[in-house]
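Peer 1: The structure is given below, and queries will be raised subsequently.
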Amino acid sequence: MTPTMLVVSLSYLVAAVLFILCLRGLSSPEGARRGLFLGELGMLIAVIGTLLHKDIIRYDWIIAGVVVGSGIGVAISATIPMTKMPERIALSHSFGGLATALVGVAEYLRESDGLTYFQIAALGLETFLGFLTFTGSIMAFGKLQGFISGAPVTWKGQNFLNIGLFIAAVLGIGVLVYDRELHQVFFAIAGTGLALGVMAVLPIGGADMPVVISLLNSYAGLAACATGFALGSQILIISGALDGSSGLLLSLLMSKAMNRSFANILFGAFGTALAPGAASPQLGKGGRSYNEATVEDAGAVLKASQTVIFIPGYGMAVSQAQHAVRDLAASLERRGVEVKYAIHPVAGRMPGHMNVLLAEANVSYDKLFDLDDINDDFARTDAVIVVGANDVVNPAAKKDPSSPIYGMPVFNVEQSRSVIVLKRSMNPGFSGVENELFFQPNTMMVLGDAKKTLLAMISELKEGH
Amino acid sequence: MSSEWVFNLYVFVLATFVGYQVISRVPPLLHTPLMSGTNAISGISLVASLLAAGSHHFVSQILGFIAVSCATINVVGGFMITDRMLRMFKRKDPPPARAKLGEGKAS
């Protein structure tokens, strides 16, 4: 090893340590920004180290790529609103997937002759996973953004087709190891990855997005790992493993929060999307009476309350109501009311979605509580305000074994004295599951745009003085 | 040569283990920044992209150029937006109920 290559290797070691410290920093909001700085430093060191690598003989394409990428990266990050975070994450997974896939193709074309059998296999896997992450994330982005229908697209034999594609890719990698000169096999593997990415996300509905995004995160990491094995680069293996385990852990948490088995999720949550769609609204839509309340009614309840818990859901993100929620909470607090926020792990379209939105609206993070931390408080709470959440407050998850969401841990909202639900309309919503909560005697339905309703409630509280 | 992949497998398994341990300490509060932060870190494929773009092989240079662009978007954009998010997480006027967020106090 030449002295220069030793420097390159050691720069990677330093970078790997800094990446781990970066993630460690994220264990508390106080240390997170300092940790992130260490991660940035690590990346800088790794890049500078790489530029010294003996195999790099020209810099024009590199400079061009860095300029283009930085321009786009800065433009996206500086302008994107926080409500669009799931879209941005999905998009960046697709960029990551494409980058690793193209690196795999380039490596194959460049020096497939000098590689070991193991490296060839890793190269095939890298290209397959990279392209799969690429199209899968584009699909997820499309579903979030709305240019692909958010509803699950399902047909008979779908699972078999997907599993077939997966097996075909594995067989293809086997053939490639046997004869690496078979270019058409290599590109067939790439094509299979592209196809499987589309097929795997197609049947998944919008409400399952937190799982899909976590899973794609994990795939992107595994693709980077495979690159590391193909190139014999430990920094890629370590970073990919960190990314992969993060995605895996989040997927596990999300699957637990939705009461889905992990095997179910691992295969792209195929069967699960069918369940809510196929379920008939067993409670019967027609003729059930509910208390439709006006803003004044809701205001009267709030004026008589000492403790209030907000439960935000995806509807809050859709109507961009986080600032209005914060303002209502502030005017309640001025009246001496104790306000808390209950955050379900799968509220929104990605892990932590609600936390980020409320943080953006300047809500102090010690008022945000997880499911387990707050669920005993509902019995002692005067009023709960549900802002665009549905499944996470559905008592059927606890009581009705025939419900598609039975077994999913939910908030004990029905135990509180009164419940105010802000909802666009009485439609059962995306999952098609009827929500018993809406028909309970102590529940008030305030229909309409959440943000407008919240603002009206604020002025209602002011008048009441 | 066959020992190299065994060595790399060691690195992979140990890194996964460390990653799992470190990441399981991240509170749900910070799961979105975690995801966008690990996304920036997985932009380390930039390193491999640089090797492809700076090589002698023409097609590899072109593919490498696209890969460098994509990976740079993730690195630059990922770190920037994660920082933008983390700046928003503030605690105001610590009230008594604060002890509930126990796991947020690990470092």
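Peer 1: Exposure proxy check: A:D55, A:D243 ranked by fewest other beta carbons within 10 Å?
Peer 2: A:D55, A:D243
Peer 1: Out of A:L248, A:M139, A:P152, whose Cα points farthest toward the positive end of the dipole of the stretch A:86-277 (charges: +1 Lys, Arg; -1 Asp, Glu; placed on Cβ)?
Peer 2: A:P152
Peer 1: Across 5 Å bins from 0, what is the distribution of all Cα-Cα pair distances for the stretch B:29-89, in whole percents?
Peer 2: All Cα pairs, binned at 5 Å, distribute as 4, 22, 23, 16, 12, 10, 7, 4, 2, 0 percent.
Peer 1: So what are the stretch A:356-465's ellipsoid semi-axes, whole angstrom, largest first, if each one is the square root of 5 times an eigenvalue of the alpha-carbon gyration tensor?
Peer 2: 24, 18, 15
Peer 1: Let's test the formula: R0 of 56 Å, r as the Cβ-Cβ distance of B:S24 and A:S289. What FRET efficiency results, to the nearest 0.05?
Peer 2: After rounding to 0.05, the efficiency reads 0.75.
Peer 1: Based on the Kirkwood radius over alpha-carbon pairs, what is the Stokes-Einstein translational diffusion coefficient of the stretch A:56-148 at 25 °C with 0.890 mPa s viscosity, in µm²/s?
Peer 2: The diffusion coefficient I find is 163 µm²/s.
Peer 1: Here is a follow-up. Report, in debye and to the nearest 20, how large the dipole of chain A comes out about its Cα centre when Lys and Arg carry +1 and Asp and Glu carry -1 on their Cβ.
Peer 2: So the magnitude is around 380 debye.
Peer 1: Can you give me the distance in nm between label points at A:R335 and A:H183, each placed 7 Å from the Cα along the Cα-to-Cβ direction?
Peer 2: 7.4 nm
Peer 1: Using mean Cβ contacts within 10 Å as the protection proxy, how do A:341-351, B:49-59 order, highest first?
Peer 2: A:341-351, B:49-59
Peer 1: Next question. Normalise the Debye intensity by I(0) for chain A, one equal point scatterer per Cα, no solvent, then take log10 at q = 0.08 Å⁻¹ and round to two decimals.
Peer 2: Reported log10 I(q)/I(0), two decimals: -0.55.
Peer 1: In the stretch A:141-210, which trypsin sites (Lys or Arg not before Pro) are in a loop and have at most 14 other Cβ atoms within 10 Å, using DSSP for the loop call?
Peer 2: Counting only loop positions with at most 14 other Cβ atoms within 10 Å, the trypsin sites (Lys or Arg not before Pro) in the stretch A:141-210 are A:K156.
Peer 1: Which one, A:G31, A:H344, A:I57, projects farthest toward the positive side of the charge dipole computed for chain A from Cβ point charges (K/R +1, D/E -1)?
Peer 2: Of the options given, the answer is A:H344.
Peer 1: Work out the mean other chain Cβ neighbour count within 10 Å for the residues of A:218-228 and drop it here as an integer.
Peer 2: 4
Peer 1: Rounded to the nearest 500, what is the 222 nm mean residue ellipticity of chain A from helices alone, with -39500 (n - 2.57) per DSSP H run of 4+ residues and division by all residues?
Peer 2: -19500 deg cm²/dmol
Peer 1: Okay, moving on. Treating the beta-carbon of each Lys and Arg as +1 and of each Asp and Glu as -1, no other charges, what is the dipole magnitude of the stretch A:86-277 about its Cα centre, to the nearest 20 debye?
Peer 2: For this selection, approximately 600 debye.
Peer 1: All other residues with a Cβ under 15 Å from the Cβ of A:L222 taken together, and with Lys, Arg as +1 and Asp, Glu as -1, what is their net charge?
Peer 2: Its environment carries a net charge of -2.
Peer 1: Between the alpha-carbon centers of the stretch A:184-208 and the stretch A:47-87, tell me the distance in whole angstrom.
Peer 2: Value for the Cα centre distance between the two parts: 26 Å.
Peer 1: Tell me the Kirkwood radius of the stretch A:86-277: reciprocal of the mean inverse pair distance over distinct alpha-carbon atoms, in Å.
Peer 2: That comes to 16.6 Å for the stretch A:86-277.
Peer 1: Ok, one more. Quick check on the exposure proxy: order A:T116, A:T4 from fewest to most C-beta atoms within 10 angstrom.
Peer 2: If I rank by nearby Cβ atoms, fewest first, I get A:T4, A:T116.
Peer 1: Okay, moving on. Karplus couplings for the stretch A:326-336 from phi (6.51 cos²θ - 1.76 cosθ + 1.60, θ = phi - 60°), rounded to Hz, Gly and Pro as x?
Peer 2: Per-residue couplings from phi come out as 4, 5, 5, 4, 5, 6, 5, 5, 5, 8, x Hz.
Peer 1: Counting other C-beta atoms within 10 Å, which of A:M316, A:M426, A:M258 has the fewest, and how do the rest follow?
Peer 2: Arranged by neighbour count, lowest to highest, A:M316, A:M426, A:M258 become A:M426, A:M258, A:M316.
Peer 1: Count neighbours as other Cβ atoms within 10 Å of each site's Cβ, and list the chymotrypsin sites (Phe, Trp or Tyr not before Pro) in the stretch A:136-245 that are DSSP loop with at most 16 such neighbours.
Peer 2: In loop regions of the stretch A:136-245 (DSSP not H, G, I, E or B), the sparsely surrounded chymotrypsin sites (Phe, Trp or Tyr not before Pro) are A:F147, A:W155.
Peer 1: Hey, another quick one. Report the per residue volume, in Å³, of the convex hull enclosing the C-alpha atoms of the stretch A:1-79.
Peer 2: Here the figure is 83 Å³ per residue.
Any read-out appearing in this document is the output of simple, stated calculations on the displayed coordinates, not a laboratory observation. Bear in mind that the values here come from a model prediction, so they are computed numbers and not experimental data. Counting neighbours? That spans all protein chains shown, and the Cβs are built from the backbone with ideal geometry, glycine included.
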